[in-house]
1. Averaged over every viewing direction, what's the projected area of the C-alpha convex hull for region 391-485? Give it in nm², one decimal, please.
2. Could you tell me the calculated FRET efficiency between T186 and E326, based on Cβ-Cβ distance and R0 = 56 angstrom, to the nearest 0.05?
3. How long is the gain from D219 to Q157 if the chain were fully straight, where each residue apart is worth 0.36 nm and the alpha carbon distance is subtracted?
4. What length, rounded to one decimal in nm, is gained on full extension from E454 through to T130, with 0.36 nm per residue of separation minus their alpha-carbon distance?
5. For the peptides 200-206, 267-273, what is the packing order when you average, over each peptide's residues, the other Cβ atoms within 10 Å and list the highest mean first?
6. So if we plug the beta-carbon distance of A144 and D110 into 1/(1 + (r/R0)^6) with R0 = 22 Å, what FRET efficiency do we get, rounded to 0.05?
7. So what's the projected area for region 10-229, the Cα convex hull averaged over all directions, in nm²?
8. Name the residues whose placed amide hydrogens come within less than 5 Å of the amide hydrogen of N142, ignoring near sequence neighbours (fewer than 5 apart) on the same chain.
Amino acid sequence: MRFQKAAVAAVIAAGLALAGCGGGGGGNTGGAAKTAPSLVLGNIIPPQTFEARNLNWGNQSIYFQAVYDSLLKPSPNGKDVEANLATQWEYNADKTILTMKLREDVTFTDGTPFTAEVAAQNLLRFRDGTSPQRSKVVDMVNAAAKDKNTLEITLKQANPAFLIYLAQAAGMQESPAAFSKSDVQTNPVGSGPYTLNTGSTVVGTSYKFDKNPKYWNADAVKYDSLTINVYNDATSLLNALRGKQLDASAINDVSIIPQVKAAGFTDNGSSLNFAGLMLFDRAGQSNPALGKVEVRQAINYAVDRDAFLKAVGLGFGEVTGQVFREDSPAYDKSLNDKYKFDPAKAKDLLAKAGYPKGFELTIPTAPGFPKQMWPLLQQQLSDVGIKVSYVDVGQNIIPDLQSKKYGVSYFTLQRDANEWQLISNLLAPTATWNTFKYQDPKVDALIGKIRTAEGADRDAALKELNQYVVDQAWFAPWYTPTNFFVTNAKTKVELNQGNAWPNLWNITPKA
């Protein structure tokens, strides 16, 4: 197999031949660049584990990019990947065999060499682990070393977003010597730019990282130390920002943005997610009412999205009725008007579904969710007969949702720039956020077509899929919020259009 080198990121797009990709990610070429003393970040979620095979992503990604290297590196645009531990890669003709050339100069912090055999072990362990992200590699049949630095990955079918997944949790590389250690969940052994200082870390509260003095790509490390503090509510985060305790932070509750700006921080904004109710239980396993499409449609009609954008989003965003991005061929502007606020129609649909007097619905709450939302949501659903009770699950919101404890929840989820990635995250039977693993024959057929279709055929299938999911009320989207990552005067950031958090290496000191 002949590999070609490229000096730019590899373009990931369904239908393109993903061959001859490479570039970027060069090693230390003459001593590390001057670094700033420290970077202190604020987050709303602690890591559930540091064990590589069970890692999650999203808001937790920043912890793992500190201690681990991934096979590939995600680009800020959310569509492309760059070389990292893998320097060159190429697919075969039907995109079921991916061959990667790996770096030869990388060792883990325990001295274990990084090799193709190690990479293969990590991939297979991730596929067979318990990560909420493991569905991303469901198409992987095998990973094997062809020689010391050549990795071959076999897929059962083409996966248009597979390279992106190798730049995220699935591609993280852990020392095989750590696999069986008793402290594997709390003491990561990677080859990344930092090491976790377990002595200075308070689990669930503050995570301290020290610069890895032997990092293979020393020029990419911009700080001597990294601290990530966890805040359970917007008030404590705001106090930390006002007290100049943080250099940068993601902001989950936009109500504090005016005060944060007044404290001297820059509000870097992007439109990545959609916010609303996630109607996970479409078969009615946890609550029979949710298995009725009329009930799910009624929930959509019962909520005044403009009111939620104003009260919860404080006007930072745009009302939407769909989960695909505006720049996607799946997007249909008319779908945003499918469920205009209409309580009378919601009541009629509930009656048609067999619930003329409404029904009871339990919704989980969490500290990071906007508090002003709960009374408004309870009132609007109550107005059509849906009696809502709330359960505070604290920091367990993600594991509780992933374990199917709740059939409905408020959440903000990303709208991936790559449509296949969005499908794999939200819609496919194995999708991370199809928590009840609901399956619909029409959706399955359309997904199967999108997997291999190209051009106009693919675009038409995407549009039909979006229309069907909206008609079946798989979600109750309210608006696309503006996501804010705030930085102080000495810190700059390039936002990530493919994730809730910027990549660690895109947070840098200002010159």
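Just so it is clear, none of the values below were taken in a lab; they were calculated from the coordinates. Source: prediction; values computed, not measured. When we count neighbours, we look across all protein chains shown, and the Cβ atoms used for this are built from the backbone with ideal geometry, even at glycine.
1. Values: hull surface 29.6 nm².
Hull-based average projected area comes out at 7.4 nm².
2. Details: r = 41 Å, r/R0 = 0.74.
It comes to 0.85.
3. Values: separation 62, 0.36 × 62 = 22.32 nm, distance 3.80 nm.
My answer for the length gained is 18.5 nm.
4. 113.3 nm
5. Numbers: 200-206: 12.7, 267-273: 18.4.
My ranking of the peptides, most packed first, is 267-273, 200-206.
6. 0.40
7. 11.6
8. T154
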